[in-house]
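The values are calculated or read from the model by the stated rules, or taken from the named source; none is laboratory data. Here the structure is a predicted model, which means the values were calculated and not measured. Here Cβ is always computed from backbone atoms with ideal geometry, including for glycine, and neighbour counts include all displayed protein chains. Heads up: the accessible areas ignore ligands, DNA and RNA and are worked out on the full protein's heavy atoms, side chains in. Shrake-Rupley method; radii C 1.70, N 1.55, O 1.52, S 1.80 Å.
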Amino acid sequence: MFSNRQLGKLLLPLLVEQTLSILVGMADTMMVSYLGDAAISGVSLVDMFCNVLISLFAALSKGGAVVSAQLLGAGRRNDACRSSNQLVLVVLGISVLIVIPMIAFRAQLFGLVFGGVEQDVWNNAMTYLWITALSYPFIAVYNAGTALYRSMNRSGMTMLVSVLVNLINVGGNALCLYKLGMGVEGVAIPTLLSRAAGAVCMLLLLRNTHLQVHLLRGGWKPDFPMMRHILGIGVPNGLENSLFQLGRVLVVQVIARFGTIQIAANAVANSLDTIGCLAGQTMNLAVISVVGQCVGAQDFKQARYYTRKLIRWTYLATACINAPMLLGLRWILPCFDASAEALELASKLVLIHNGCAMLMWPLAFTLPNALRAASDVRYTMVVALASMALFRIAFSYVLGVGLGWGAVGVWVAMVIDWACRIVFFVGRYRGGKWEAKSRVALENG
């Protein structure tokens, strides 16, 4: 169904888009580090906290992409278009319902998780939180739009919009921090503006009736059966992603016990470990579209073929990215204006994460996306959440607090979590239950 050239046209823009996102995230961290350890710690804690919700919007959008890709593969173009309007309605409604109490009770919610942080960290976090919370509806709509474009294998346009969004973000940060002398609000305001611009662009682009999947005029009346179909895939995926991010917050809460230096080191390492997962994150997006269309056509032989092929490519690309990074770590870390102690600890964390990523990440995180593309979302959710709770969170306390390893123990627990995921996801893929799940889901859609 897909030639190497077609896969390349899908993957290269996605790779550029993911690279831009990661580089902008690193640039944000570097710019915030200009304000000191308290600022970078406050922003990183809020980002961890807010990623719980942002991942929910991304997962719901992924559910819509699975539905539209399967419908396109089945030759049901009009139903695929109908699903696009319903996806926008779903994510917009949920995001608005979340953002209002999020802003009103931000101090209580943040304090519930990170109430023991130092006062300077708290003040920076509160400023950054209320401004970025306003952007949730925009990022929800933007994610929905990009997911729909990818379901059509048209990732080139999402790349161009991503360039615009990131230029606004980085340019705004530089202006507000270095020219206007603003504090953490100088990072938050450009984030809000860039996400709003991205949402508007995607809505305008999806009005093009020449697209395989586009927004239907007059299609804004709630279609509850279609919404249920989208939510049936999106909600388990959303719960998995959100609770996964919540688990990461709880893990960071462990790190927060060890002081500002370890929080700052964790923030720096997180900026670099995202590069280590760059190839995998790109493939995760591609797998949804490619395997989803194969499943929609009920061609499971090709679904398995492309799953194996994309995972092989992921391993190769992950090694090509991580090996040079680990060798050049001594020159990369000084780019962050953090304390020497924080940078020394960050180097250990990056070695743990990026070294193990070359061996484990594709099977732990790219393979389950093939199962999700076949609507086998409940199994992936249960495995991911159980592994997070039993291994990443529990072992973070055992190794980080009990044995006194600090942040290093938390990151070792993360690798143990990866190993558990691999065992269960590989076993599921080798079986045939996910194929049966996809047949039932397509019939109900």
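Out of all the residues in region 398-418, is one or more within 19 Å of the chain's Cα centre (by Cα), open to solvent by 40 Å² or more (accessible area, probe 1.4 Å) and either among the small types (Gly, Ala, Ser) or within 22 Å of residue 55 (Cα to Cα) (or both)? Checked against the condition, which is being within 19 Å of the chain's Cα centre (by Cα), open to solvent by 40 Å² or more (accessible area, probe 1.4 Å) and either among the small types (Gly, Ala, Ser) or within 22 Å of residue 55 (Cα to Cα) (or both), region 398-418 yields no hits at all. Hey, can you tell me all the residues within region 232-251 that are among the aliphatic types (A, V, I, L, M) and either touching a Lys or Arg at 6+ places or on another chain (Cβ under 8 Å) or open to solvent by 10 Å² or more (accessible area, probe 1.4 Å) (or both)? Result: 233, 235, 239, 243, 246, 250, 251.
For residue 213, indicate whether it is open to solvent by less than 10 Å² (accessible area, probe 1.4 Å) and either without any contact (Cβ under 8 Å) to a residue 12 or more places away in the chain or more than 20 Å from the chain's Cα centre (by Cα) (or both). Criteria met by residue 213. Remark: pairs (first residue in region 254-283, touching a residue at least 12 places away in the same chain (Cβ under 8 Å) and over 20 Å from residue 155 (Cβ atoms); second residue of a type in the set (A, V, I, L, M, F, W, C) and not in a helix (DSSP H, G or I); Cβ separation under 7 Å; 6+ apart in sequence or on different chains) = 256/117; 264/338; 268/336; 268/338. Scanning region 169-179 for residues that are open to solvent by 20 Å² or more (accessible area, probe 1.4 Å), touching a residue at least 60 places away in the same chain (Cβ under 8 Å), closer than 23 Å to residue 13 by Cα and within 23 Å of the chain's Cα centre (by Cα) turns up at least one hit. Among residues of region 74-93 that are touching a residue at least 12 places away in the same chain (Cβ under 8 Å) and assigned to a helix (DSSP H, G or I), those with a Cβ under 7 angstrom from a residue that is aromatic (Phe, Trp, Tyr) and open to solvent by less than 10 Å² (accessible area, probe 1.4 Å), sequence gap 6+ or separate chain, pair up as 91/57. Residues that are open to solvent by less than 20 Å² (accessible area, probe 1.4 Å), among the hydroxyl-bearing types (Ser, Thr, Tyr), under 15 Å from residue 93 (Cα atoms) and assigned to a helix (DSSP H, G or I) within region 126-168 comprise just one, 136. When region 18-43 is limited to residues that are under 12 Å from residue 187 (Cα atoms), open to solvent by 20 Å² or more (accessible area, probe 1.4 Å) and under 20 Å from the mean Cα position of the chain (by Cα), the one that is modelled with the highest pLDDT turns out to be 27. When you check residue 56 against the structure, is it buried (at least 17 other Cβ atoms within 10 Å of the Cβ), in contact with a Gly (Cβ under 7 Å, 6 or more places away or on another chain) and under 16 Å from residue 187 (Cα atoms), yes or no? No; evaluated as a whole, the condition is false for this residue. Quick check, is residue 317 free of Cβ contacts under 8 Å to residues at least 40 places away in the same chain, of a type in the set (A, V, I, L, M, F, W, C) and either outside any helix (DSSP H, G or I) or open to solvent by less than 40 Å² (accessible area, probe 1.4 Å) (or both)? Yes; evaluated as a whole, the condition is true for this residue.
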